[in-house]
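Participant: I have a structure here, written as structure tokens, and I will follow up with some questions on it.
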Amino acid sequence: MRAFRIIGLVFTALVVVVVAIAVATEVSGGGRFDATGDTALISTTRTETVTDVFLFSAPDLIVRASGEVTVELGTGPAGQVTVRREVTWSGPSPDITQSWTGRTLRVDVRCLCTAKYTVTVPQGVPVQRR
């Protein structure tokens, strides 16, 4: 009976040592349990969408856009202007300036990106793009 206990103890110790070596090898990166290779990030693309709604009672709207930006116009509810900005980029964050002066919306976008503004105004309100 004593011989079985010694054999069991030796076998258990051997299993513990083998498992410890396998775990240590895998953790250190030298293992082959996951032979798919290393993973490295190639690129990240981000998209930001912002929608602002403004009360608007001016007789017309002026949109001054500069930089890498596309502006589309549409018709929206009476008494308000909706400005929807969608910017997609990879790399450094875009430099975007948007401001209002009276009836003039100024937009400037500087980046390696795609920037699209969709501006909706009440029906019949003339819009000048500059």
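The values are calculated or read from the model by the stated rules, or taken from the named source; none is laboratory data. From a predicted model like this one, the values you see are computed outputs, not experimental measurements. Cβ atoms come from the backbone with ideal geometry, glycine included; neighbour counts cover every protein chain shown.
Participant: Looking at the structure I just gave you, is THR44 of a type outside the set (D, E, K, R), within 20 Å of the chain's Cα centre (by Cα) and outside any strand (DSSP E or B)?
Facilitator: For THR44, the condition - of a type outside the set (D, E, K, R), within 20 Å of the chain's Cα centre (by Cα) and outside any strand (DSSP E or B) - is met.
Participant: Can you tell me which condition THR75 does not meet? The list is (1) touching a residue at least 40 places away in the same chain (Cβ under 8 Å); (2) at positive phi, and all the others hold.
Facilitator: (2)
Participant: State which residue is surrounded by the fewest Cβ atoms within 10 Å (Cβ to Cβ) when the search covers only region 114-128 and only residues that are part of a strand (DSSP E or B) and hydrophobic (A, V, I, L, M, F, W, C).
Facilitator: Result: VAL127.
Participant: Go over the candidates GLU72, GLU68, GLU48 one by one and state the one that is surrounded by 10 or more Cβ atoms within 10 Å (Cβ to Cβ), modelled with pLDDT under 90 and under 30 Å from PRO92 (Cα atoms).
Facilitator: GLU68
Participant: Suppose we keep only residues that are aliphatic (A, V, I, L, M) and modelled with pLDDT of 95 or more within region 110-122. Which one would you say is farthest from THR45 (Cα to Cα)?
Facilitator: Of everything passing the filter in region 110-122, VAL121 is farthest from THR45 (Cα to Cα).
Participant: Here is a further query. Here's a check for you: in region 75-97, which residue that is surrounded by fewer than 16 Cβ atoms within 10 Å (Cβ to Cβ) and not small (Gly, Ala, Ser) is modelled with the lowest pLDDT?
Facilitator: Only one residue fits best here, namely PRO92.
Participant: Follow-up question, since we're still on this one. Determine, yes or no, whether ALA65 is assigned to a strand (DSSP E or B), in contact (Cβ under 8 Å) with a residue 60 or more places away in the chain and not basic (Lys, Arg).
Facilitator: The answer is yes for ALA65.
Participant: Testing THR49 on (1) within 17 Å of GLN123 (Cβ to Cβ); (2) assigned to a strand (DSSP E or B), one condition comes back false. Which one is that?
Facilitator: It is condition (1) that THR49 fails.
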